[in-house]
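See structure below.
The values are calculated or read from the model by the stated rules, or taken from the named source; none is laboratory data. What you see is a predicted model; the values in this text were computed from it and never measured. Quick reminder, even Gly has a Cβ in these numbers, built from the backbone with ideal geometry, and neighbours come from all protein chains shown. Side chains are part of the model used for accessible areas, which takes the heavy atoms of the whole protein and leaves out ligands, DNA and RNA. Shrake-Rupley method; radii C 1.70, N 1.55, O 1.52, S 1.80 Å.
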Amino acid sequence: MKYTDGKNIMVYAQSADGAPVGAALETVSKAAELAKADGEEVIAVVFGKDTDAKSVIAAGASRVLRTGEEGLQAAEKAQIIGKLAEKYQPKALYMAGTPEGKMIAPAVSAVFESGCVTDVTGITSDGVYTAFSYNGNVLNDMKMGENLPHVATVRSGSFAKNLDESRSGEVADEDVTAEDVRTKVVETVKEIAESVNLEEAQVIVSGGRGMGSKENFALVEQLAEVLGGVVGATRPAIEEGWVSRAHQVGQSGKIVAPKLYIACGISGATQHVSGM
């Protein structure tokens, strides 16, 4: 299934509990900027009939295609997004660089035999994608081949989330289903954990191995509270049991983009720094 002539940008606007995640809205806004420069539009895909489409339109989508259910597996979503891409034939398909997005993107690009870039931090109007390589040590500029759509996952915090409530757009229901699904969810068990929204935080105070003990790490929590911020941590601090894994910043944790980041007792290892 290949095509080389496409128009418009399609964005998978991932959601959680009926609301688009912040990184998805950032991706829609960047796509809208690129589409406007070429006189095109953004077609967004959301899963779930109750998912908030207004926020996706406010971020820059001209059309929102609503389909399936929010709780579908990534493999099912990939098949459905692939069918929608085949129908609308966009020149590019973008999504947030979440674990789910990184599972969907290569699956869709394989169907179309098109290029796929992950952890994108920059996109130009002429199709140059900037992304991290070698554990975040190198920034590469890449161009993809002629097969469309060009597929990319966008690193959280790379672009501004521009919401304009006065924007108008069309919401359409698409009756598309996945086929040959190898796995099926029979039960979902939610972990009882504190809510930690590092990705959206404007102030983060992080602690690492150098804090020395759980008692000392409490100073990080106190400072974060005083500043109205969120507590972050490195992997060693989490493995020592000083704070829960939900606070981890870095290559195997959360990608953050605050206005202020205070690091306490942190060596600055690449694996941690690549998360900022």
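State all residues of segment 1-21 that are closer than 20 Å to ILE104 by Cβ, out of contact with any Phe, Trp or Tyr (no Cβ under 7 Å at 6 or more places or on another chain) and surrounded by fewer than 19 Cβ atoms within 10 Å (Cβ to Cβ); if no residue qualifies, say none.
TYR3, ALA16, ASP17, GLY18, ALA19
List the number of the failed condition for ALA44; all other conditions in (1) outside any strand (DSSP E or B); (2) in contact with a Phe, Trp or Tyr (Cβ under 9 Å, 6 or more places away or on another chain); (3) open to solvent by less than 10 Å² (accessible area, probe 1.4 Å) hold.
(1)
Would you confirm whether or not segment 191-203 contains a residue that is open to solvent by less than 40 Å² (accessible area, probe 1.4 Å) and at pLDDT 95 or above?
So the first thing to find is which residues in segment 191-203 are open to solvent by less than 40 Å² (accessible area, probe 1.4 Å), and the list is 196, 198, 201, 203.
Now drop any that are not at pLDDT 95 or above, which leaves 203.
There is at least one residue in segment 191-203 that is open to solvent by less than 40 Å² (accessible area, probe 1.4 Å) and at pLDDT 95 or above.
Determine, yes or no, whether LEU219 is outside any loop (DSSP other than H, G, I, E, B), over 18 Å from VAL21 (Cβ atoms) and open to solvent by 70 Å² or more (accessible area, probe 1.4 Å). Lay out the reasoning, then the answer.
Values: outside any loop (DSSP other than H, G, I, E, B): yes; over 18 Å from VAL21 (Cβ atoms): yes; open to solvent by 70 Å² or more (accessible area, probe 1.4 Å): yes.
So LEU219 fits the description; yes.
Looking only at segment 222-235, count every residue that is open to solvent by 30 Å² or more (accessible area, probe 1.4 Å) and farther than 12 Å from ALA263 by Cβ and tell me the total. Before the answer, list the steps.
As a first pass, look at segment 222-235 and keep what is open to solvent by 30 Å² or more (accessible area, probe 1.4 Å): 222-223, 225-228, 230, 235.
Restricting the remaining residues to those that are farther than 12 Å from ALA263 by Cβ gives 222, 225-228, 230, 235.
Here the count works out to 7.
Just checking, how many residues over segment 58-96 are part of a loop (DSSP other than H, G, I, E, B) and either touching a helix residue (DSSP H, G or I) at 6+ places or on another chain (Cβ under 7 Å) or under 17 Å from GLY18 (Cα atoms) (or both)?
8
Could you list, ordered by first residue, the pairs with Cβ atoms under 9 Å in which the first is in segment 95-107 and among the polar types (S, T, N, Q) and the second is assigned to a helix (DSSP H, G or I), at least 6 apart or interchain?
THR98/ALA23; THR98/ALA24
Considering only segment 163-172, state which residues are in a loop (DSSP other than H, G, I, E, B) and open to solvent by less than 80 Å² (accessible area, probe 1.4 Å).
Restricting attention to segment 163-172, the residues satisfying the condition of being in a loop (DSSP other than H, G, I, E, B) are 163-169.
Result: ASP164, GLY169.
Condition first: outside any strand (DSSP E or B) and touching a Gly at 6+ places or on another chain (Cβ under 6 Å). Can you find one or more residues in segment 7-25 that meet it?
Here is the first cut: in segment 7-25, the residues outside any strand (DSSP E or B) are 7-8, 13-14, 17-18, 21-25.
From what's left, touching a Gly at 6+ places or on another chain (Cβ under 6 Å): none.
The answer is no; no qualifying residue exists.
Name the single residue, out of those in segment 106-151 being among the acidic types (Asp, Glu) and either open to solvent by 40 Å² or more (accessible area, probe 1.4 Å) or at pLDDT 95 or above (or both), that is nearest to ILE9 (Cα to Cα).
So the first thing to find is which residues in segment 106-151 are among the acidic types (Asp, Glu), and the list is 113, 119, 126, 141, 146.
From what's left, either open to solvent by 40 Å² or more (accessible area, probe 1.4 Å) or at pLDDT 95 or above (or both): 113, 126, 141, 146.
On the way: GLU113: 18, ASP126: 13, ASP141: 20, GLU146: 16 Å.
Restricting to residues being among the acidic types (Asp, Glu) and either open to solvent by 40 Å² or more (accessible area, probe 1.4 Å) or at pLDDT 95 or above (or both), the top hit is ASP126.
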